């Protein structure tokens with residue numbers, strides 16, 4: 001255990017989020033495989049590597065033992081021909097850090113360049129930088145500037161490729177670090193003390209477990225919580241949970257009848273307590289105007305950090321697929337679908353195909369959330385000549401999600417109103433369990449990114465396309481079945 005008692009930049013950040021997470025990271029770390037292609041961690045590494053292109057002649061410190069990396073860094077700092085050092089390694093008083101980029105400045109000064117894959121400087125970034133400044137200052141390294149390099153979300157990819165100096169936004173933050181630096185020593189003292197504990201500190205899990213990053217130990221820390229833990233109650237803040245905990249209540253089903261709850265929270269509490277579905281008396285009214293006959297529409301999009309197509313921005317949502325079920329008044333249906341070629345910008349073909357399929361549509365177009373409306377408005381802005389027919393589609397959209405949230409709750413929803421919770425709970429024939437390759441929007445986005453960036457071969461791409469079509473079709477079919485179930489429940493509503 002003694003060998004684990006040291007701090008790093010990542011451990012310091014973990015400790016600021018939760019001391020229990022810090023202790024577990026040091027003493028009982030989870031096995032971490034290499035990040036999957038297209039994952040947020042993988043994208044972060046890629047952007048870090050791309051930032052190196054801004055510092056021509058820089059040298060990477062790739063030694064793995066920290067002591068060897070420190071020695072290599074020292075040698076490179078002494079060599080005045082080296083303009084920048086990537087992953088520069090330092091250690092002071094048991095704190096080990098790696099500086100993303102250490103840039104040589106004039107008269108023996110240096111600049112820290114912390115690279116972030118986010119689209120803006122966020123408050124916790126200052127803490128990441130402050131601990132590095134603390135270590136370097138204590139080692140006598142003179143710093144003239146401290147920058148955070150983040151993705152410039154206003155940048156548009158040029159026809160010939162990425163212009164990296166424009167892709168990154170360089171923000172000088174040295175003046176913003178005063179308060180953060182003042183707190184570093186006290187925080188380090190508290191964290192060193194934590195690392196010497198013989199067991200992980202007991203800390204109540206809560207919203208902090210997901211801010212600023214989701215903690216990998218969530219299941220570990222919540223293993224003993226009830227399945228209807230009050231944390232899962234929608235729109236239920238930490239203060240309300242603390243009030244209940246103070247009187248010994250952690251289960252939603254045990255919330256007293258006189259405890260203040262919103263109407264939705266009350267029917268969730270009651271359904272959880274008695275195991276019976278809740279159906280609002282106004283459900284028939286809520287379903288007015290939804291048909292059938294109706295169309296059921298679902299989009300898939302991806303938002304690459306590094307833009308792939310000309311005139312697109314980092315993290316811009318690029319819709320690439322839609323599924324459309326056309327359902328008649330007797331519930332008979334037809335299906336249409338579109339999946340773009342990943343080799344070129346899919347937006348215009350996506351929009352044109354959808355307009356063609358809905359050109360004579362006069363029925364409601366049912367969606368689940370405001371996602372499709374947002375994407376359609378973006379498409380209308382990007383292609384003014386298509387704005388009129390796109391606007392007509394927008395005006396016909398009817399969102400089924402608010403109906404579910406206000407009108408029904410089933411214990412099998414497990415405190416979520418998503419289509420993947422609601423449809424299987426109310427329709428025994430709807431499942432996503434058989435979709436072993438792509439079963440959620442995140443996997444769909446990654447799949448298209450793999451094809452668009454050439455990271456999948458022809459055979460893999462063909463399999464991914466089949467999986468994408470099956471998944472998107474399942475979502476619109478789930479909407480059809482959910483709507484049917486809601487109509488049946490409405491017929492029994494008092």
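Assorted remarks:
- Per-residue packing, averaged as other Cβ atoms within 10 Å, sorts the ranges 208-216, 479-487 into the order 479-487, 208-216, beginning with the highest.
- The length gained on full extension between residue 391 and residue 144, counted as 0.36 nm times the residue separation minus their Cα-Cα distance, comes to 83.6 nm.
- Calculated on alpha-carbon atoms, Rg and Dmax of the chain in Å: 26.7, 82
- The reciprocal of the average 1/r between distinct C-alpha atoms defines the Kirkwood hydrodynamic radius, which for region 265-389 equals 17.0 Å.
- Note on the chain: antiparallel DSSP beta bridges, both residues inside, total approximately 70 percent of the bridges counted.
- The smallest convex shape that holds all Cα atoms of region 284-492, its convex hull, gives 125 Å³ per residue.
- In the chain, the DSSP-assigned H stretches of four residues or longer account for a calculated mean residue ellipticity at 222 nm of -13000 deg cm²/dmol, using -39500 (n - 2.57) per stretch and the full residue count as denominator.
- Computed from the C-alpha gyration tensor, the three semi-axes of the ellipsoid equivalent to region 79-124 are 21, 16, 10 Å, from longest to shortest.
- All Cα-Cα separations within region 432-494 were binned at 5 Å from zero, giving a P(r) of 4, 17, 21, 16, 12, 9, 7, 6, 4, 3, 1, 0, each value a whole percent of the pairs.
- Paramagnetic reach from residue 406 (point 7 Å along Cα→Cβ, amide N under 18 Å) across region 262-287: 262-268, 278-287
- The ellipsoid that matches the Cα gyration tensor of region 387-432 has semi-axes, each √(5λ) in whole angstrom, of 28, 12, 8, with the longest given first.
- Between 0 and 90°, nearest 10: helix 387-396 axis offset from the chain longest Cα axis: 60 degrees
- Rounded to the nearest 10 degrees, the inclination of helix 458-492 to the longest alpha-carbon principal axis of the chain is 50 degrees.
- Inter-probe distance in nm under a simple model that places probes 7 Å from Cα toward Cβ, at residue 242 and residue 63: 4.8 nm
- Sorted by Cβ neighbour density within 10 Å, fewest at the top, the residues 139, 324: 139, 324
- Bins of 5 Å from zero: percent of alpha-carbon pairs in region 381-489: 2, 11, 17, 15, 14, 16, 14, 9, 3, 0
- Here the residues 451, 373, ranked from fewest to most Cβ neighbours within 10 Å of their Cβ, fall in the order 373, 451.
- Within region 111-209, the proportion of Cα pairs with more than 18 Å between them is 60 percent.
- Sorted by Cβ density within 10 Å, fewest first, the residues 282, 219: 219, 282
- Long-range Cα-Cα pairs in region 2-195 (distance over 28 Å), rounded percent: 27 percent
- Crossing angle, helix 178-195 versus the chain [Cα axis fit, 0-90 degrees, rounded to tens]: 90 degrees
- Cα gyration tensor, region 97-158 - rounded (a/c under 1.5), prolate or oblate: oblate
A short reminder: the numbers here are calculations on the coordinates, not readings from a lab. Since the model is a prediction, treat every value here as computed from it, not as a measurement. Neighbour counts are summed over all protein chains in view; Cβ atoms, including those assigned to glycine, are modelled from backbone coordinates with ideal geometry.
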